[in-house]
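Enquirer: Got a structure for you, written out below as structure tokens; questions coming shortly.
Please treat every number below as a calculation from the coordinates, not as lab data. It should be emphasised that the depicted structure is a prediction, and the values quoted were computed from it without experimental measurement. Cβ coordinates were reconstructed from backbone atoms using ideal geometry, including for glycine residues, and neighbour counts include every protein chain displayed.
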Amino acid sequence: MASSAKRRAVGLGENPEEGDGESSTEEFDEESEESEEDINEEVTVDFEAHTISDNHFSGIRKLLQQLFLKASVDVSELADIIIQQNHIGSVVKQAEIPEDSDDDDDDDPDEVFGFISLVNLTERKGVPCVEQVKELLLSQCEKVCAQSVTEELEKLLNNTDRPVGLLLCERFINVPPQIALPLYKQLREEIAEAQRTNKPSGKCHYFLMISKTCMAAKKSSSKKAGKQEEELMFSNAEEEFFCEQSTLKFNYSVQEEADSCLGGRWSFDDVPMKPFRTVMLIPTDRMGTIMEKLKEYLTV
């Protein structure tokens, strides 16, 4: 049964997801002249937020893979958990096209362009994929941070009195950031309901986020020849507001795992981009401040 829409998020995008299929050279040659003029066309797409269901497994898994890349995390099991606890979280799908529309109707009705969810890592202690996520973060933290930071993170992840929730908000690179605002609003309402009904999702004291980021080299104003500075850039730009409110954060490189910086197929010819993941721990009581920033930044 098709899931019902929770809330509508409208945005503009250019080809939100590129297909993975291959076409022959002959077909490409025949169509290249016709399609060349349309490549830079702006396509208006309406998006809707829907309750998560079993039909969304492959789409959620694909987005999780985009985040974790080649890390030893069972993204299939994590996708199953997200689907099982569908009282919290949403998927983003293209709005239904009217039957009398001239648009092609070959798109998969269950295709997922993005999703948001919260997984209580503390409550699900011992679940293989959860332990894999924690092991990944601790091992990466140990490589790039002081021992005291790693010890603090490990202590927080194992503190049953102050649970940590893995906050996941993933979307394809060309899906507009405006969809994030209604998704986070809906999630906050669902967290409040989970608190009222004493569900694990409502017990989190911290949100843990793993953001897709890049280090972009830029020329320094320093007079020292050849000296360069690096600027951290977020694939999902709004996640910078979460970073500002985090009490613990670190970056680790995924350059050996990623084909491109932001998980898409864009080329950055002007500035070298090094792909990273930015880990942030945010107290849940700072969510109000973050939401105000999101409203200011994302309201159309």
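Enquirer: If you take every residue apart from F241 with its C-beta less than 14 Å away from the C-beta of F241, what net charge results, scoring Lys and Arg +1 and Asp and Glu -1?
Expert: So the surrounding residues net to -2.
Enquirer: Add +1 for every Lys or Arg and -1 for every Asp or Glu among the other residues with Cβ under 9 Å from the Cβ of H205, and state the total.
Expert: Its environment carries a net charge of 0.
Enquirer: Full-extension gain between L232 and E77, please, as 0.36 nm times their residue separation minus the C-alpha to C-alpha distance.
Expert: Extra length available between L232 and E77 comes to 52.7 nm.
Enquirer: Still on this model: Based on the Cβ-Cβ distance of T247 and E135, what FRET efficiency does E = 1/(1 + (r/R0)^6) give at R0 = 22 Å, to the nearest 0.05?
Expert: Result of the calculation: an efficiency of 0.55.
Enquirer: Could you give me the ³J(HN,Hα) list for region 185-193, computed from phi with Karplus coefficients 6.51, -1.76, 1.60 and θ = phi - 60°, whole Hz, x at Gly and Pro?
Expert: With the stated coefficients, region 185-193 comes to 4, 4, 4, 4, 5, 6, 5, 4, 5 Hz.
Enquirer: Further, regarding this structure: Return the long-range amide H neighbours of D46 (sequence gap of 5 or more, or a different chain), with a cut-off of under 5 Å between placed amide H atoms.
Expert: A95
Enquirer: On a full-extension model of 0.36 nm per residue, what is the gain between N159 and D46, subtracting their alpha-carbon distance, rounded to one decimal in nm?
Expert: The N159-D46 span can extend by a further 36.5 nm.
Enquirer: In nm, what is the difference between 0.36 nm times the number of residues separating S148 and A95 and their Cα-Cα distance?
Expert: Roughly 14.3 nm would be gained on extension.
Enquirer: A further question follows. Taking R0 as 25 Å, what's the FRET efficiency between Q84 and K274 from their Cβ-Cβ distance, rounded to 0.05?
Expert: Rounded to the nearest 0.05, the efficiency is 0.10.
Enquirer: Of the cross-linked pairs K249/K293; K155/K295; K134/K293; K70/K134; K70/K274, which ones have a Cα-Cα span greater than 26 Å in the structure shown?
Expert: K155/K295; K134/K293
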